[in-house]
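The values are calculated or read from the model by the stated rules, or taken from the named source; none is laboratory data. Predicted, not measured: the structure shown is a model, and the values here were computed from it. We place every Cβ from the backbone using ideal geometry, glycine too, and count neighbours over all the protein chains shown. Heads up: the accessible areas ignore ligands, DNA and RNA and are worked out on the full protein's heavy atoms, side chains in. Shrake-Rupley method; radii C 1.70, N 1.55, O 1.52, S 1.80 Å.
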Amino acid sequence: MFVIFNITRFEWLEIFELKSLDIRYKIRGEKTIPSNIVIAAIDEKSINHMEFGKYKDGWPWQRRFFGKAVQNIFLDGAKVIGFDISFTSNDESNKKNDLYFASILRKYPNVVIGSYNLSKNSYEKAFDDFKKYLNTNLYYLNYSLGIKNPTYRNNLLPKTNYKFVPSIPEYSQIVPTCVFTVGNPDSDGIFRNIPLFFKEQWAEENNYGDVFLPNMDLMIFNKYIKNKKININLKTLTIEMGKETIPVDENGIFQIYFYGIGNKIFKKISFIDILNNNFPKETFKNKIVLFGYTTSSVGLYDLRPTPFNNNEAGVFIHANTIQNLINHDYLKRLNPLWRIFILIFTLILSLIMLSFKKSINKIFAFLVPIVFIIISYYSFINKIWIDTFYIFFANIVLITIESILSFISEYKERRKLKGFLSKYVPDTVVNNLIKNKSLNLGGEVTDVVVLFSDIQGFTEKSEKLNADEVLAFLNKYLTALSEVIRNDYNGTIDKFIGDAIMSIFGAPVKYGDEIERALNCAIDMKKRLKKLNEELDLPFELKNGIGIHYGNAIIGNLGAPFRMDYTAIGDTVNTASRVESLTRKTKDEILVTESIFKNAKGFEFEYRGEFSVKGKSKPLKIYALKGRL
């Protein structure tokens, strides 16, 4: 989504990032600052008093009252006054009021008057007399911005308006008249930035060249710092005013760093109180004073939604902007290259965390977007806007998808493993192994009990039956004895070798009673075989010999990639097989080695002597298992 936005600039995608910025404002809360700005409020109180009080003047008020208010403010020590209202036509009651106000402006020239722009369509539809008036009232061009590094002109794509409507010549020839618009809202309808200058298309069409007109806020700040010339540095995309350097984007947009709700941040004095000198002395000393409509100005709508207030008066947006310029509170948004770099960096970190095999380690991958949000917030506190939503969302999507795929893969692997192990051990053991993740199918050397069982005289007996009968009784025999090993004593069926069964006790899971389980299993296998003989009704009796040995063996998966078995190999396995073969010599059903005899408890044995077996340099001491004690 982040990359798509930077390539295609789909504004609706930007909404999510803008909302994340608002969340950062809400978390930070209102910021208390020493304010350099006071609002001269055109509020409901003033409107009522002006119309129904001693002045008997309904809106728009006579200019002489504005002149008196300006004089009172400057006499109290104000530095600059700005009007967030326009004076584009003469006083409706008396021309002398315009002359009086002009005389006040001439006496106190640190005033900036705001006004508006006309679209080309509105200009073309205007009356000819009005267009003639506009085309001759060009004092505002004296305040157009200078250009530095013009060879970088392609860097700038400024906001363009067709024709600026200045205040009447009586005022515009004395003090600057500048654009007072707060620009356009972001894609979600919230005002978060302001254009600090506009390009006038009419001036270009009429051979005045590139004319960039300053926003009222920029001109007010310029007067506040007592600077004369304002330049746009096209190379650095900054506005230079003496020692001041103000960052803007390629459209001349300045990102506002909001302090909070305007009413709570900036002091407000009603116009009527200023007119009547009804305010504490030095209220305006060294201050910038902005005349403008407030939220209580009934019928004079100038409200805008901001991150802190859905109905913020436009004059407070201007105040916040000017205070930003005074305090050097420049909220700088990282450029797209930095955003892409951070995105890639965080995704790599998430992938590194996700590469860990243990699930608990993969959880740390979620720390990446969380830590990033924390860093993003503290960067915001320091007036650096790092795009948060795109990067956070991309990481969460990556982690979620990988987690889902990992879960699916693990689920399939668990099912595959369960099917694989179920051939050897009971389902309860398989489930416990998988649940506790204690399974190790790699090669390991461990102590186990190996039990071999083989039908005595199988070849001779099988010759009395046809092939189908042999397979039928053999399958029943192997199933019956395997169920005792696997289900009753949690033994592992290693393999079937013809009529022989090899089983392991102690792998893949140990219980600590491997010898006792193996001996009890051998006894119950004999009982099950006796019962099986009754069930099969064969022309001969099935007898088997069982050999049991305890020692270490190599346990793990053995075979080729396409044919793998979980098995045990080593001397312990060979010894158990040799002991089983001795049952034919000793005429016993169950034989065990000395390692079993010494470690077994609760069983009866008879010593059968020492026997030499293949693969052993020393004879083995062999014992016959007679039963339980």
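Details
- Qualifying residue in segment 596-607 (condition: surrounded by 15 or more Cβ atoms within 10 Å (Cβ to Cβ), in contact with a strand residue (DSSP E or B) (Cβ under 8 Å, 6 or more places away or on another chain) and hydroxyl-bearing (Ser, Thr, Tyr)): no
- Among residues of segment 358-377, those that are modelled with pLDDT under 75 and of a type outside the set (Val, Ile, Thr), counted: 4
- Whichever residue in segment 517-533 is within 23 Å of residue 593 (Cα to Cα) and of a type in the set (Lys, Arg) and, among such residues, is nearest to the chain's Cα centre (by Cα): 517
Conditions (1) closer than 20 Å to residue 327 by Cα; (2) open to solvent by 10 Å² or more (accessible area, probe 1.4 Å); (3) at pLDDT 95 or above; (4) not in a loop (DSSP other than H, G, I, E, B), marked per residue:
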{"site": "222", "(1), (2), (3), (4)": "yes, no, yes, yes"}
{"site": "240", "(1), (2), (3), (4)": "yes, yes, yes, yes"}
{"site": "258", "(1), (2), (3), (4)": "yes, no, yes, no"}
{"site": "263", "(1), (2), (3), (4)": "yes, yes, no, yes"}
{"site": "301", "(1), (2), (3), (4)": "no, yes, no, no"}
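- Restricting attention to segment 218-246, the residues that are polar (S, T, N, Q) and touching a Leu at 6+ places or on another chain (Cβ under 7 Å) total 1.
- The listed residues are 342, 375, 326, 363, and the only one of them that is in contact (Cβ under 8 Å) with a residue 12 or more places away in the chain and either outside the structural domain of residue 267 (by the TED database) or farther than 30 Å from residue 223 by Cβ (or both) turns out to be 342.
- Here residue 494 qualifies as charged (D, E, K, R) and open to solvent by less than 20 Å² (accessible area, probe 1.4 Å).
- Across segment 101-111, a minimum of one residue is classified as aromatic (Phe, Trp, Tyr), more than 23 Å from residue 317 (Cα to Cα) and assigned to a loop (DSSP other than H, G, I, E, B).
- Condition check for residue 252 on (1) open to solvent by less than 40 Å² (accessible area, probe 1.4 Å); (2) small (Gly, Ala, Ser); (3) out of contact with any Leu (no Cβ under 9 Å at 6 or more places or on another chain): one failure, at (3).
- Unmet requirement for residue 63, which otherwise passes all of (1) free of Cβ contacts under 8 Å to residues at least 40 places away in the same chain; (2) closer than 15 Å to residue 275 by Cα; (3) open to solvent by 60 Å² or more (accessible area, probe 1.4 Å): (3)
- For segment 108-160, the set of residues classified as closer than 22 Å to residue 252 by Cβ and among the aliphatic types (A, V, I, L, M) consists of 112, 113, 118, 138, 141, 145, 147, 156, 157, listed by residue number.
- Listed by first and then second residue, the pairs with beta-carbon distance under 7 Å, at least 6 apart or on different chains, first residue in segment 116-134 and over 17 Å from residue 168 (Cβ atoms), second part of a helix (DSSP H, G or I) and of a type outside the set (S, T, N, Q), are 123/131.
- Filter result (modelled with pLDDT of 90 or more, of a type outside the set (Lys, Arg) and open to solvent by 10 Å² or more (accessible area, probe 1.4 Å)) within segment 558-579: 569, 570, 571, 573, 574, 577
- Lone qualifier among 618, 626 - being outside any loop (DSSP other than H, G, I, E, B) and free of Cβ contacts under 8 Å to residues at least 24 places away in the same chain: 626
- Segment 309-404 holds helices (runs of 4 or more DSSP H) entirely within its bounds, and those carrying 1 or more residues that are surrounded by fewer than 19 Cβ atoms within 10 Å (Cβ to Cβ) and of a type in the set (S, T, N, Q) map to 314-327, 359-362, 367-381.
- Segment 377-402, residues that are of a type outside the set (Lys, Arg) and in contact with an Asp or Glu (Cβ under 8 Å, 6 or more places away or on another chain): 387, 388, 389, 390
- The single residue among 469, 483, 514 that is surrounded by fewer than 16 Cβ atoms within 10 Å (Cβ to Cβ), at pLDDT 80 or above and within 56 Å of the chain's Cα centre (by Cα) turns out to be 483.
- Cβ separations smaller than 6 Å between residues 6+ apart or across chains give the following pairs from segment 589-602 residues that are charged (D, E, K, R) to residues that are in a helix (DSSP H, G or I): 589/526.
- The single condition among (1) assigned to a loop (DSSP other than H, G, I, E, B); (2) modelled with pLDDT of 95 or more; (3) surrounded by 15 or more Cβ atoms within 10 Å (Cβ to Cβ) that residue 246 does not meet is (1).
- Residues being within 21 Å of residue 501 (Cβ to Cβ), of a type in the set (Val, Ile, Thr), in the same structural domain as residue 481 (by the TED database) and under 60 Å from the mean Cα position of the chain (by Cα) are entirely absent from segment 536-547.
- Index of the failed condition, residue 489 passing every other in (1) at positive phi; (2) surrounded by 21 or more Cβ atoms within 10 Å (Cβ to Cβ): (1)
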